[in-house]
Amino acid sequence: MSHRIAVIGGDYIGPEVVAEGLKVMEAAGVDIDATHFDLGAQRWQRDGEVLSDETMDELRGYDAIYLGAVGGVPGEIPGGLIERGILLKMRFEFDQYINLRPFLLTEQGIDFQVIRENTEGTYAGEGGFLRKGTPHEIATQGSVNTRHGVERCIRYAFELARSRDRKKLTLVHKTNVLTFAGDLWQRAFDEVAAEYPDVETGYQHIDAACIHFVNDPQQYSVIVTDNLFGDILTDLGGAISGGIGLASSANMNPDRTAPSMFEPVHGSAPDIAGQGKANPTAAILSAAIMLEFLGEADAATRIRAACEDVPAGSTTDIGDEIARRVS
């Protein structure tokens, strides 16, 4: 079966790591019909194009989106332009409400996944300025939490926890201070938990979870949290499980009403672009999540196994070795 994939290499090391992911998928015997889209900070610098509605309509017709990294040199791009104009635009308009980030470091006993609500919270853009640029300037940034959005995220996390050997789900929030949003999350969590008596549940404040991530990450199986907390917590997860070069992710529309997007967590790293220094493993592992989502479970399993204990080398060396292992 052929899968129509929209490929957005993006900026700097983005195209480099995506090329290795495509190589590995081909070596795994998966039929990928890839169409490349020129989007990112460098595209905006050339012609002012971020992500048009016409391109969004075109992307909507693909089975999935495979993205490398977008972002420019600090100071050369207006803050938030690319992030909101590309990443958040696709996440919100394609209703990719589940952000999944797995963390695995077998020799340390680390094996957990974080489910982050991906279309609400502080990233929804609620807020604004009053008297901007004056000594009396006011900036507000609200957090949007709907029962619908929170519950569907929590329910997905419970299903994932039920499918794992360790059937445990931990809610992470800050209910003692964020008494409105936190209350909604806690009530929804408790009510859905009643439908999953086989899943062990727990709760931790976000600050406590940061400590436990460092001191005792082995306690986790599945974590569910809101958009902002999940963004921060998963970067820490990458640091404790081998580094950001191994951190993969998925932005999923489980209802499949629009394409899901799969990307490594790392940025575009302009400082090492073109030098063969970028580790493509996170992009390759993101490709494995994409293949599993598309029904290619065997290929996904072989790719994950091939990514264990990969020797150091250039970007292409690492890609070649992983491709050799899965072929």
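Lys pairs in the chain, Cα-Cα under 29 Å, at least 8 apart or on separate chains: how many?
Eligible lysine pairs with Cα atoms under 29 Å apart amount to 4.
Run the helix sum for the chain: -39,500 (n - 2.57) per DSSP H stretch of 4+ residues, divided by residue count, reported at 222 nm to the nearest 500 deg cm²/dmol.
Mean residue ellipticity, 222 nm, calculated: -11500 deg cm²/dmol.
Could you list log10 I(q)/I(0) for region 1-78 at q = 0.18, 0.22 Å⁻¹, which the Debye formula gives when each Cα is one point scatterer?
Listed by q, the Debye log ratios stand at -0.76, -1.02.
Would you list the P(r) distribution for the chain, with all Cα-Cα distances sorted into 20 Å bins from 0 and each bin expressed as a whole %?
All Cα pairs considered, the percentages come to 31, 59, 10, 0.
If packing is taken as the mean number of other Cβ atoms within 10 Å per residue, what is the order of 160-171, 125-136, highest first?
The most tightly packed comes first, giving 160-171, 125-136.
Which percentage, to the nearest 5, of the DSSP beta bridges contained in the chain is antiparallel?
DSSP beta bridges in the chain are roughly 40 percent antiparallel.
How big is the gap, in Å, between the Cα center of region 80-100 and the Cα center of region 207-228?
Comparing the Cα centres of region 80-100 and region 207-228, I get a distance of 24 Å.
Report for region 98-247 the percent antiparallel among DSSP-assigned beta bridges with both residues inside it, nearest 5.
50 percent
Rule-based calculations on the coordinates, nothing more; no lab input. Computed from a prediction, not measured in an experiment: that's the story for all the values here. Using ideal geometry, Cβ is built from the backbone for each residue, glycine included, and neighbour counts are taken over all protein chains shown.
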